[in-house]
Each structure stands twice: as structure tokens, then as C-alpha cells.
Amino acid sequence: MPKISVEIPQELLDDLDEHVGDDGKYVNRSDAIRASIRKNLDILDEIDERHGRLEDEA
């Protein structure tokens, strides 16, 4: 799996960390970020579909 590097504000990282670990929903930051990206892409696909911007998948 490719690795990437991003810079995010400390406040956003602190919020993310509240959902990571033994008491959180995600095992680690990578899992949380992957899930967030997937969710965001799903939302964008739904918006594109509503506006007729998606090509039909055959």
C-alpha cells in the first residue's frame, strides 16, 4: 500500500486522536484517515450522481 504524507492542523489531529486507540472506533490514525477518505469519496459520488456527472458503469 502506498504511503503519503499530509500536513494537518494540530486541532484536527487532536480531534482525530479522540477516535483512535483502545477506547476509540479506529485502531490507528491510518485506519481513521482511510475511512474518512472513503466516506468523503462516497459523498462526492452521490453529489455527482444527483447532478448527472457520473458515467454509467457497464
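Assorted remarks:
- Extreme residue, surrounded by the fewest Cβ atoms within 10 Å (Cβ to Cβ), among residues of region 6-39 that are among the small types (Gly, Ala, Ser) and at pLDDT below 95: GLY21
Table: residues versus (1) within 15 Å of the chain's Cα centre (by Cα); (2) of a type in the set (Lys, Arg); (3) not in a helix (DSSP H, G or I).
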position: VAL6; (1), (2), (3): yes, no, yes
position: GLU11; (1), (2), (3): no, no, no
position: ASP14; (1), (2), (3): no, no, no
position: ASP22; (1), (2), (3): no, no, yes
position: ILE33; (1), (2), (3): yes, no, no
position: ASN40; (1), (2), (3): yes, no, no
position: ILE43; (1), (2), (3): yes, no, no
position: ILE47; (1), (2), (3): no, no, no
position: LEU54; (1), (2), (3): no, no, yes
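The values are calculated or read from the model by the stated rules, or taken from the named source; none is laboratory data. These numbers come from a predicted model, not from an experiment. In this analysis, Cβ positions are derived from the backbone assuming ideal geometry, glycine residues included, and neighbour counts consider all displayed protein chains.
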